[in-house]
Structures are given as structure tokens and as C-alpha cells.
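The values are calculated or read from the model by the stated rules, or taken from the named source; none is laboratory data. Nothing here was measured: the structure is a model prediction, and the numbers come from that model. Note: ideal-geometry Cβ built from the backbone for every residue, glycine included; neighbour counts use all protein chains shown. Side chains are part of the model used for accessible areas, which takes the heavy atoms of the whole protein and leaves out ligands, DNA and RNA. Shrake-Rupley method; radii C 1.70, N 1.55, O 1.52, S 1.80 Å.
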Amino acid sequence: HTVVRSDIVGMGCHAGLNSLLAAASWAHLNPGELAVSCGVEISSSAYLDDRPMGNIEACHIMNAVVNSLFADGCFAACLLAAEPNAAAAEVSPPLPDAYCTLHDFRSVIATDAFETMLYKFNKQQEQVFFWLSEEAPYVVGEGMLLLSADCLARGLPLEHTRHWVMHTGGQTVLDASL
């Protein structure tokens with residue numbers, strides 16, 4: 001009776017951001033109460049044995065890229081908003097050594113680029129698989145520019161941003177995001 005659950009599915013890696021945002025919002029609305037954001041992704045369930053498909057070489061390359069970038073995984077993060085006017089020493093339970101402060105949270109969705117990363121269905125094998133366009137890294141880089149512009153428009157100077165958290169997806173994504 002004291003647990004609030006938010007089931008976030010069908011978004012791949014982006015579900016982690018939505019889970020974290022839901023937990024951060026809950027923690028903000030319930031100061032002094034612990035919020036837990038956790039998730040599991042089982043990418044191997046979308047592995048496609050592509051041998052019966054038409055363009056064998058292209059399919060093998062796509063499977064190799066997708067399966068080298070994405071894997072099964074899980075995460076958990078505990079969030080706690082201090083009660084108003086509480087000093088750090090007064091926070092109960094005491095903050096652990098690995099504590100960090102989240103001052104702001106922003107994300108961007110490039111709606112015009114949905115076709116660059118999506119799940120498709122293979123009728124021959126009756127299976128869902130993940131398809132990744134060669135344009136995907138550049139879409140992520142453009143998203144970082146949009147996010148930077150959003151921060152500036154909200155009055156948050158970029159030099160005050162100490163950490164960017166992003167799904168790397170490989171060297172090309174990192175290069176496109178710099």
C-alpha cells in the first residue's frame with residue numbers, strides 16, 4: 001500500500017531516462033522518502049538469426065553492429081529529496097559515500113528521426129528485431145546540440161553543467177556529439 005509503481009516498457013534504453021525522471025519527480029513530491037528507479041533490458045530477446053533473409057551480408061553486418069552496441073543489462077538508482085530547510089547533516093537516513101546531487105534533468109526526443117532506430121518485425125521468422133540506421137550516430141549528435149540550446153534558453157549556462165549522461169553507442173556517436 002505504500003509503493004507507487006510506474007511500468008515503463010517498449011522504449012529500449014530510453015526507458016531508463018523515463019524511469020529516472022519518474023523517480024526524481026516522486027522524490028521531489030515526497031521529501032525525505034526514498035525513491036528507487038530500476039530497470040532491466042533484455043536485448044538478446046530481439047536477436048535475429050538472419051540466415052534465411054534476402055541480403056545475407058547486409059543483415060549479418062546489422063546484427064553484428066546491433067549486438068555489439070546493445071546487450072542485456074539492468075540498473076538501479078536510489079533517489080532522496082531532502083526535506084525543505086534540512087541541512088545535509090540532518091538528512092535521514094544519512095547520505096552514503098556515493099551520493100551525488102541532481103540539480104536539473106533535461107532530455108530531448110528527436111521526433112523527426114524515429115526511423116533511424118526502431119524495432120521491426122521479420123515475417124519469415126515471426127520475430128521482432130532492432131534496426132539501426134547509419135544515420136543514427138548523427139541524430140544523437142544533433143540531439144546533443146538541441147539539448148544544449150534548450151539549456152541555454154532556460155538560462156542554464158553550459159559551463160555550469162558538470163556531467164552529460166548519454167548512451168554512447170560507439171565511437172561514432174561520441175565523435176558526432178562533441
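Sorting ARG162, ARG154 by accessible area puts them as ARG162, ARG154; the probe is 1.4 Å, largest comes first, and only protein heavy atoms count. The largest accessible area among MET144, MET11 belongs to the first residue in MET11, MET144, and the rest follow in falling order (1.4 Å probe, all chains).
With the whole protein complex present, HIS160 retains an accessible surface near 120 Å², based on a 1.4 Å probe. Computed with a 1.4 Å probe on the full set of protein chains, the accessible area for GLU135 sits at about 100 Å².
On full extension of the chain, what length is gained from ALA149 through VAL128, given 0.36 nm per residue of separation minus the C-alpha to C-alpha distance? Display every interim value, and only then the final one.
On the way: separation 21, 0.36 × 21 = 7.56 nm, distance 3.56 nm.
Gain on extension, ALA149 to VAL128, equals 4.0 nm.
The label point for ASP112 and the one for HIS163, both projected 7 Å from the Cα toward the Cβ, are 3.3 nm apart.
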